[in-house]
Amino acid sequence: MTITEERSAVQTVSTTAEPGPSGIESLLSTGDHKPVGRLWISVGSLFLVVSLGLALVASFEAVDLGSLSFLDDTDQYVQVGSLAQELLLFGAIVPILVGLGIYIVPLQVGASSLAFPRGAAGAFWTWLIGCSLLIVSYVANGGAGGGRTDFVELWILSLGIIIGSIIWALVCIASTVLGVRTAGMTMVRVPATSWSFLVFSLLGIMILPVTIAELVITYVRFSAGFIRLGETQVLADVIRGIQSAPTVFWVAIPALGVLLDAVSTSSGAPVKSHRTVLGAIGLLGVASFGVNIIGFATVREPSYDNTLFVLDTVLTILPILVIFGLLLMKIKPDADTRRSVTPFAGLLSGLLLLLGACAAVLGAIEPVAIGLKELGIAEPASTLIVNGTMFDQGIRAAVYGAVLLALIAGLNHWSVKIWGRYLNQPFLSLATLAAAAGTFLWSAGSIAAGIDDQQAFPATELTGGSQVELFSQLAAFGVVAMLLAGALLFISIVQGPTAEAAVPRDQLRWVGFTLEWMTESPPAVGNFTVPPVVGSATPVSDAIAINEGAEE
Amino acid sequence: MSTAEVTVYDKISADVEAPEQARPSVLLMATGLVSISVFMGFAALVGFYLTERAGFRAVTGEPWLTEATVPLTQPNFMLLSVGLSAITALWAVYSVRNDDTANALLATGLTLLFGVSQIAQTFFLLSIMELEASADERSVWILSVIGAQIALMILAIIYLALTGLRTVGGGYSSKDYEGMASAALFWIVSALVYVLVWYAIYITK
């Protein structure tokens with residue numbers, strides 16, 4: 001059979017690539033998107049552990065700010081808390097997502113490589129330098145709450161470098177989906193994960209420059225002496241806009257695509273309503289970005305009394321509900337025990353994301369209730385004032401935790417593609433439980449503390465009602481569990497293959513429905529020896545169906 | 001490997017027919033995305049500036065800037081410069097598309113000249129405005145926005161100059177003019193950013 005001979009030749013070509021440079025040289029000079037993606041994921045996981053460790057210290061200090069246990073003064077508390085927030089978002093959550101996108105998106109759209117693989121590598125090294133400078137600036141008493149002018153300026157500069165490099169990496173991902181899809185891969189046939197990364201990238205390209213603009217203004221005002229060292233609130237607020245609901249749901253967008261692809265593959269059948277999936281993911285993108293349009297000139301002070309803002313926040317819940325409904329229909333235990341964590345983590349991730357969206361809606365409709373009361377139209381039984389409290393952190397924790405669970409599901413799902421081995425299932429099972437429990441405690445504790453009037457970070461006094469201390473303790477224990485989850489994920493990623501997990505490359509194929517499953521595990525340089533031609537969003541399952549029909 | 005797997009591969013690669021996609025070039029697309037990013041950054045910067053200005057007026061009741069401190073002659077000439085530079089940038093693309101290297105170089109040179117003149121005029125205008133960053137916060141805001149716009153113009157000049165050099169070396173032609181089109185796109189976006197600054201700072205004051 002001619003085809004068999006052809007395929008054998010293909011196999012030979014793909015497995016006998018010329019030996020290239022090794023070690024650090026190969027990492028620095030690589031033009032292949034896969035090592036770059038792995039770098040983003042590995043280093044991002046390391047920063048996940050570091051940032052959660054710092055968050056742990058800040059959380060336990062926040063339980064009783066009257067007497068500091070681990071830190072010298074409240075300035076240090078603000079510094080530790082700020083560094084934890086910045087590293088968690090720009091050093092861990094977003095970079096791991098970027099790494100997954102850089103690795104998986106070209107494979108899913110049938111491309112031989114990323115649009116600008118060396119650009120993505122450059123973005124990684126620049127981001128790493130930025131993160132190092134960020135940590136150095138805090139260690140040298142800079143950053144928000146810092147006491148040395150030079151290192152506060154270095155902190156602003158390092159944040160700019162980090163965000164700029166992330167934007168460049170997002171440009172590489174978006175260009176890949178838009179420009180180097182294989183023949184037949186129309187936009188409506190783009191798999192859910194790649195589509196979600198496209199929406200995520202386009203939004204990042206538009207939202208992150210707003211933070212850079214904020215940094216520019218802050219830098220100049222600080223250098224000219226119009227922001228003084230003691231003005232902690234002004235400095236800490238620099239990244240508040242991107243961390244507030246509904247903009248913060250931006251980081252949940254790729255999580256939706258990852259969850260759908262991973263969970264549907266586990267269930268053994270692709271999601272049928274592909275256009276609905278694309279629409280729902282796009283709608284969450286619109287909702288995340290909408291607030292930037294509505295309050296464009298007042299980004300630093302989101303106008304909670306703006307009806308459009310309220311509607312925009314309410315809009316976030318709809319796509320999450322749709323995706324969660326589709327997930328529920330697909331959830332069932334994976335027959336392959338080496339990947340059994342995926343549906344479990346997917347379900348928990350969807351639930352926590354829904355919790356975050358519901359909390360965001362509660363926070364947004366509050367001003368409506370106040371407005372109605374002021375107009376005399378309605379008289380709510382109680383007036384809930386949560387803006388400017390820990391409530392926001394509760395939403396953020398739910399979203400970040402949901403993304404972490406989606407990453408556990410996704411990395412587990414694609415582990416054979418990325419590392420050529422299965423991840424340690426007992427570790428990941430424990431990580432999933434810890435992440436879910438930790439996220440719930442952190443989120444619910446912060447939300448309850450916010451309702452009980454605890455002022456948001458960087459407030460340095462424990463204000464609020466009689467139960468605030470209890471709620472803060474809950475949140476702190478949640479961070480402990482999250483740290484455990486992060487550490488287990490990191491160990492699973494960096495540990496070498498176990499005897500059980502190491503599987504011959506040619507046995508790790510035909511697991512999913514999308515194009516990445518046509519390649520070796522992990523794929524050779526160039527991904528596809530013959531550019532594939534596709535006719536749907538799930539070309540592998542279509543071809544299997546055609547094949548089965550032919551055999552009958 | 002089983003024969004079944006090979007057959008599946010074959011069905012995907014050969015039997016499933018689909019039309020070839022005509023898609024924009026990747027470099028041009030990436031430049032477009034970067035341009036969107038840059039424009040968003042400047043829109044935010046100008047947005048912050050307008051918010052600060054409105055707050056100042058509301059609190060003090062005084063004008064933010066007066067006609068005396070911001071003459072309109074230079075800003076309007078700069079607008080003319082960037083407008084013409086956008087046209088010459090498109091002329092450069094048109095020339096490269098038609099393998100007209102001489103005109104491409106002339107157009108690129110003129111565009112760069114307009115860009116440099118815009119920077120020179122801005123520095124002259126700033127000297128007239130006598131802004132001192134350490135003296136008052138209004139100056140800080142104005143200098144931040146104008147400074148960022150100048151930095152963008154310098155980036156656009158470098159991008160276009162490199163593209164021009166590559167054109168001289170025969171790197172671009174009617175078969176491949178993507179680089180020149182990308183540089184022109186970035187140039188036009190930087191010109192649009194100036195229009196934003198011109199209206200927000202110099203006209204509405």
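Filtered by the rule that a residue be open to solvent by 40 Å² or more (accessible area, probe 1.4 Å) and assigned to a helix (DSSP H, G or I), the stretch A:238-273 gives a lone residue, A:240. Scan the stretch A:115-127 and give yes if some residue there is outside any loop (DSSP other than H, G, I, E, B), farther than 26 Å from residue A:54 by Cα and basic (Lys, Arg), otherwise no. Yes; the residues of the stretch A:115-127 include at least one that is outside any loop (DSSP other than H, G, I, E, B), farther than 26 Å from residue A:54 by Cα and basic (Lys, Arg). In the stretch A:107-148, the qualifying residues are those that are polar (S, T, N, Q), away from every other protein chain (no Cβ under 14 Å) and open to solvent by 10 Å² or more (accessible area, probe 1.4 Å), and the one that is farthest from the chain's Cα centre (by Cα) is A:141. Across the stretch A:224-237, the number of residues qualifying as part of a helix (DSSP H, G or I) and surrounded by fewer than 16 Cβ atoms within 10 Å (Cβ to Cβ) comes to 1.
Conditions tested, residue by residue: (1) surrounded by fewer than 18 Cβ atoms within 10 Å (Cβ to Cβ); (2) of a type in the set (Asp, Glu); (3) touching a Gly at 6+ places or on another chain (Cβ under 8 Å); (4) under 27 Å from residue A:209 (Cβ atoms).
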position	(1), (2), (3), (4)
B:138	yes, no, no, yes
B:141	no, no, no, yes
B:146	no, no, no, yes
B:157	no, no, yes, yes
B:166	yes, no, yes, no
B:184	no, no, no, yes
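Residue-level analysis places residue B:38 outside the set of residues that are part of a helix (DSSP H, G or I), surrounded by 20 or more Cβ atoms within 10 Å (Cβ to Cβ) and more than 14 Å from chain A (Cβ to nearest Cβ). Within the stretch A:211-223, the set of residues being at the interface with another protein chain (Cβ under 8 Å from one of its Cβ atoms) and open to solvent by less than 10 Å² (accessible area, probe 1.4 Å) comprises A:213, A:217.
The set of residues in the stretch A:281-293 that are over 22 Å from residue A:391 (Cα atoms) and open to solvent by 10 Å² or more (accessible area, probe 1.4 Å) comprises A:282, A:283, A:286, A:293. Among residues of the stretch A:319-353 being at pLDDT 90 or above and of a type in the set (Val, Ile, Thr), the one that is most open to solvent (accessible area, probe 1.4 Å) is A:322.
Selection of the stretch B:122-145 for residues being away from every other protein chain (no Cβ under 11 Å) and outside any loop (DSSP other than H, G, I, E, B) yields B:122, B:123, B:124, B:125, B:126, B:127, B:128, B:129. Among the residues of the stretch A:63-82, the ones that are in a loop (DSSP other than H, G, I, E, B) and not hydrophobic (A, V, I, L, M, F, W, C) come to 6 in all. Filtering the stretch B:57-89 to residues that are more than 17 Å from residue B:193 (Cα to Cα) and in a helix (DSSP H, G or I) leaves B:57, B:58, B:59, B:60, B:73, B:88.
Condition check for residue A:257 on (1) on the phi > 0 side of the Ramachandran plot; (2) in contact with a Pro (Cβ under 9 Å, 6 or more places away or on another chain): one failure, at (1). Counting the residues of the stretch B:58-104 that are surrounded by 20 or more Cβ atoms within 10 Å (Cβ to Cβ) and without any contact (Cβ under 8 Å) to a residue 24 or more places away in the chain gives 1. Residues of the stretch A:487-520 that are within 14 Å of chain B (Cβ to nearest Cβ) and modelled with pLDDT of 80 or more: A:513, A:514, A:515, A:516, A:517, A:518, A:519, A:520. Please specify each residue of the stretch A:183-195 satisfying the condition of being crowded, with 24+ Cβ neighbours inside 10 Å and either part of a loop (DSSP other than H, G, I, E, B) or at pLDDT below 90 (or both). Once the filter is applied, which keeps residues that are crowded, with 24+ Cβ neighbours inside 10 Å and either part of a loop (DSSP other than H, G, I, E, B) or at pLDDT below 90 (or both), the stretch A:183-195 yields A:185, A:190, A:191. For the stretch A:89-101, the criterion of being under 24 Å from residue A:421 (Cα atoms) and more than 15 Å from the chain's Cα centre (by Cα) is satisfied by no residue at all. Here residue A:436 meets each of (1) over 21 Å from residue A:47 (Cβ atoms); (2) open to solvent by 20 Å² or more (accessible area, probe 1.4 Å) with one exception, condition (2). Taking only the stretch A:168-182 into account, find how many residues are surrounded by fewer than 24 Cβ atoms within 10 Å (Cβ to Cβ) and in a helix (DSSP H, G or I). Residues that pass the stated criteria total 3. Scanning the stretch A:408-433 for residues being among the hydrophobic types (A, V, I, L, M, F, W, C) and open to solvent by 10 Å² or more (accessible area, probe 1.4 Å) gives a total of 4.
Test residue A:152 against the criterion of being within 14 Å of chain B (Cβ to nearest Cβ) and touching a helix residue (DSSP H, G or I) at 6+ places or on another chain (Cβ under 9 Å), and give yes or no. Judged against the criteria, residue A:152 is not a match.
Out of A:60, A:47, report the one residue that is at pLDDT 95 or above and assigned to a helix (DSSP H, G or I). Being at pLDDT 95 or above and assigned to a helix (DSSP H, G or I) holds for just one of A:60, A:47, which is A:47.
The values are calculated or read from the model by the stated rules, or taken from the named source; none is laboratory data. All figures in this text were calculated on a predicted structure; none of them were measured in a lab. Don't worry about glycine lacking a Cβ; one is built from the backbone with ideal geometry, like all the others, and counts go over all protein chains shown. In case anyone asks, the SASA skips ligands and DNA or RNA and just uses the protein heavy atoms, side chains included. Shrake-Rupley method; radii C 1.70, N 1.55, O 1.52, S 1.80 Å.
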